[in-house]
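Below is one structure. I have some questions about it.
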């Protein structure tokens, strides 16, 4: 039965390969595993081994042809066997012509193998490369022994067979199991590998929007970043004190304090409460702080409007309502529009620090990490425990510069470290 | 429980069935006045008369053809072919008619026919009278092929064959009529199409039937002296073939030898080992060995004949190879 050899897929993203050179010509004997051709992918030049033994009956593409993966490149069969050319596949590739495929070059004058640099792909499977010394298929073993080895995770290659010709038989597996020599559960050679298929998921509208806006932002807006570490002991103590008077569903979060603090700091730094608009910068009158909320398959930014003027409790209650709506997919347009500055807080995930991509057209965004108990050096030079939180602001460099951002971060410290300011 | 010979067991089965059912009758060469070539029907002619114990001309085609006709119209003929070698002369009737009529007439006709015949070598009867072509007949769907190895099985299976509404080729072995064994008293039958463990064991499975079973049992006894416990499975029926006990045994021992008197090529051993490979591949610990007759027309010379036929020593050697 003639076998068709196809262009192998040699890398995750390989779509096609160039047939650089035929190593075997039509009419030549070939054994399974013999090199049939050399192909070039966008990563490397590699050898294609024949998956069948017999005679190379037909080479279907010219040297130099670009062939899509999976397309037939050659047919291997027996000498007189009638072969059928692949239907509609008159030699895949740009300059392939089945009538002129016969290579004129004889193997002896073909370029030497080393003429084409051979490199091993760093990623992606190379199915034509047998790892013979690790393959239990090369071990002579009875079917029963193979099954037992499989079931008890014994490496057949490490067992000396006692059967005829060194065949591994039941007794050998039993001996190996009883002496405990050869089971290699979790060992380096035959640790079982479970194959998980790739999964393709269509982009939701939300995902599409995120993809579009983030790509636009990261590729067109010149970002710069300033990080600061805040002493959180005072704000945490105040929060604890306030929350003692509040019912369970009205407790104020650390993030609520941050929103209020950011809003007050922005009032001092109108240039960071701004948007870049081509030939001008718009400094917004209102301080509307957007808060990123993780939702199913994406994120939404709900907006705490006029946060600089609203009491902490009101900010907190509004954000709770909007965040819950966003997670339930019942967000109101008004809740997600009009932000002039955004906060992304990953503090609940024990994140030390991260940086965010600007949410266009806003000029700045604050990425907030976790408040963590860390050793700190106090005024007297003593080391003691303290609560610290790192935050990083990303800024549109067309609008502002590092010094202004740094001063904003210092101003923010004033509110977070003396949190009574947030209550007046 | 009576300790009787195979001949007596077969004779009893025929006698009892003829007494039980007036539709049962015997026909064949020398079955009547002479009492049968192997004396199985001795006394039948005097007791049942010439109508029910019919001597026929020397024409196997006529015997089987007439028996088929009788079966089609409601009789239960037991046709005897003096040896299975002569069944070739009736081949068309056996495989083209007996095996197919029920099927080709869409079940409108039943064929309650038994063809008793004698196979096997070892009696210096020469190449044309000493064959064991059981596998040939077992090849055809529609034909039941039974070949017992013990008096009990012979009696119980022959009774089942006579009561069966399907054509049955009942093969007796020429050298086993004097084999003795315990046979239950009274009327009993043994179902067709059931293999049987004749000797339990743990180390290797020996599968055989008919004469092959006899030498397999002797081999198993020899092996036991060396501490090797062979489990011996008797197929008893070649078609329909019951692989259940064979596979069950093989999954326990993981090693098998198939013993038959016929030739190895395209034989019973080939069939059995193929089915084991197909149905119990993951239990195979060694290649299955076949013990069979040498691939020559069986010689007349006693020494050569015995050399060509499978012997206990051949079974022992095969078992040693698979262990």
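The values are calculated or read from the model by the stated rules, or taken from the named source; none is laboratory data. Predicted, not measured: the structure shown is a model, and the values here were computed from it. When we count neighbours, we look across all protein chains shown, and the Cβ atoms used for this are built from the backbone with ideal geometry, even at glycine.
Just to check your reading of the model, which residue among B:40, B:64, B:78 is closer than 21 Å to residue B:125 by Cα, in contact (Cβ under 8 Å) with a residue 24 or more places away in the chain and crowded, with 17+ Cβ neighbours inside 10 Å?
Exactly one residue qualifies, and that residue is B:40.
Only one of these is out of contact with any helix residue (DSSP H, G or I) (no Cβ under 7 Å at 6 or more places or on another chain), more than 16 Å from residue B:79 (Cα to Cα) and part of a strand (DSSP E or B): B:3, B:47. Name it.
Answer to the selection: B:3.
If you don't mind, there's one more thing I want to ask. Does residue A:282 fit the bill of being in a strand (DSSP E or B), under 18 Å from residue A:368 (Cα atoms) and assigned by TED's automatic domain parsing to the domain that holds residue A:365?
Spelling it out, it is not the case that residue A:282 is in a strand (DSSP E or B), under 18 Å from residue A:368 (Cα atoms) and assigned by TED's automatic domain parsing to the domain that holds residue A:365.
Scanning segment A:168-192 for residues that are at pLDDT 90 or above and not in a helix (DSSP H, G or I), which turns out nearest to the other protein chains (Cβ to nearest Cβ)?
Ranking the candidates gives A:169 first.
In addition: Would you pick out the residues in segment B:207-221 that are surrounded by fewer than 24 Cβ atoms within 10 Å (Cβ to Cβ) and either touching a helix residue (DSSP H, G or I) at 6+ places or on another chain (Cβ under 6 Å) or at pLDDT below 95 (or both)?
Once the filter is applied, which keeps residues that are surrounded by fewer than 24 Cβ atoms within 10 Å (Cβ to Cβ) and either touching a helix residue (DSSP H, G or I) at 6+ places or on another chain (Cβ under 6 Å) or at pLDDT below 95 (or both), segment B:207-221 yields B:215, B:218.
To keep it simple, each residue is scored yes or no on (1) away from chain A (no Cβ under 14 Å); (2) under 19 Å from the mean Cα position of the chain (by Cα); (3) surrounded by fewer than 17 Cβ atoms within 10 Å (Cβ to Cβ); (4) closer than 24 Å to residue B:120 by Cα.
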position	(1), (2), (3), (4)
B:276	no, no, no, no
B:299	yes, no, no, yes
B:307	yes, no, yes, yes
B:319	yes, no, no, yes
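Return only the number of the condition from (1) touching a strand residue (DSSP E or B) at 6+ places or on another chain (Cβ under 9 Å); (2) surrounded by fewer than 21 Cβ atoms within 10 Å (Cβ to Cβ); (3) touching a residue at least 12 places away in the same chain (Cβ under 8 Å); (4) not in a loop (DSSP other than H, G, I, E, B) that residue B:248 does not satisfy.
Here residue B:248 clears every test but (3).
Residues that are modelled with pLDDT of 60 or more and out of contact with any helix residue (DSSP H, G or I) (no Cβ under 8 Å at 6 or more places or on another chain): does segment A:85-101 have at least one?
There is at least one residue in segment A:85-101 that is modelled with pLDDT of 60 or more and out of contact with any helix residue (DSSP H, G or I) (no Cβ under 8 Å at 6 or more places or on another chain).
Kindly list the number of the only condition in (1) surrounded by 22 or more Cβ atoms within 10 Å (Cβ to Cβ); (2) touching a helix residue (DSSP H, G or I) at 6+ places or on another chain (Cβ under 6 Å); (3) over 18 Å from residue B:214 (Cβ atoms) that fails for residue B:288.
If we test residue B:288 against (1) surrounded by 22 or more Cβ atoms within 10 Å (Cβ to Cβ); (2) touching a helix residue (DSSP H, G or I) at 6+ places or on another chain (Cβ under 6 Å); (3) over 18 Å from residue B:214 (Cβ atoms), just (1) comes out false.
The conditions are (1) buried (at least 21 other Cβ atoms within 10 Å of the Cβ); (2) under 18 Å from the mean Cα position of the chain (by Cα); (3) in a strand (DSSP E or B), and residue B:197 fails exactly one of them. Which is it?
Tallying (1) buried (at least 21 other Cβ atoms within 10 Å of the Cβ); (2) under 18 Å from the mean Cα position of the chain (by Cα); (3) in a strand (DSSP E or B), residue B:197 fails exactly one: (1).
Moving on. From B:133, B:184, B:151, B:112, grab the single residue that is within 14 Å of the chain's Cα centre (by Cα), surrounded by fewer than 24 Cβ atoms within 10 Å (Cβ to Cβ) and farther than 20 Å from residue B:246 by Cβ. So that I can check it myself, show each step before the final result.
Working: B:184 fails: within 14 Å of the chain's Cα centre (by Cα); B:151 fails: surrounded by fewer than 24 Cβ atoms within 10 Å (Cβ to Cβ); B:112 fails: within 14 Å of the chain's Cα centre (by Cα).
Exactly one of B:133, B:184, B:151, B:112 is within 14 Å of the chain's Cα centre (by Cα), surrounded by fewer than 24 Cβ atoms within 10 Å (Cβ to Cβ) and farther than 20 Å from residue B:246 by Cβ, namely B:133.
Mind listing whichever residues of segment B:251-271 are under 17 Å from the mean Cα position of the chain (by Cα) and assigned to a strand (DSSP E or B)?
Selection gives B:258, B:259, B:260, B:261, B:262, B:263.
Something else: Quick one: how many residues across segment B:272-294 are more than 15 Å from residue A:144 (Cβ to Cβ) and not in a helix (DSSP H, G or I)?
Total satisfying the criteria: 6.
Further, regarding this structure: Residues being more than 8 Å from every other protein chain (Cβ to nearest Cβ) and either more than 19 Å from residue B:251 (Cβ to Cβ) or under 38 Å from the mean Cα position of the chain (by Cα) (or both): count how many of those fall in segment A:142-163.
The total comes to 14.
Further question: Across segment B:222-245, which residue is surrounded by the most Cβ atoms within 10 Å (Cβ to Cβ) among those that are under 23 Å from the mean Cα position of the chain (by Cα) and in a loop (DSSP other than H, G, I, E, B)?
B:235
Separate question: If you scan segment A:342-376, which residues turn out to be out of contact with any helix residue (DSSP H, G or I) (no Cβ under 8 Å at 6 or more places or on another chain) and within 19 Å of residue A:410 (Cβ to Cβ)?
Within segment A:342-376, A:353, A:355, A:365, A:367, A:376 meet the criteria.
Looking only at segment A:252-272, how many residues end up being touching a residue at least 40 places away in the same chain (Cβ under 8 Å) and over 33 Å from the mean Cα position of the chain (by Cα)?
So the count comes out to 12.
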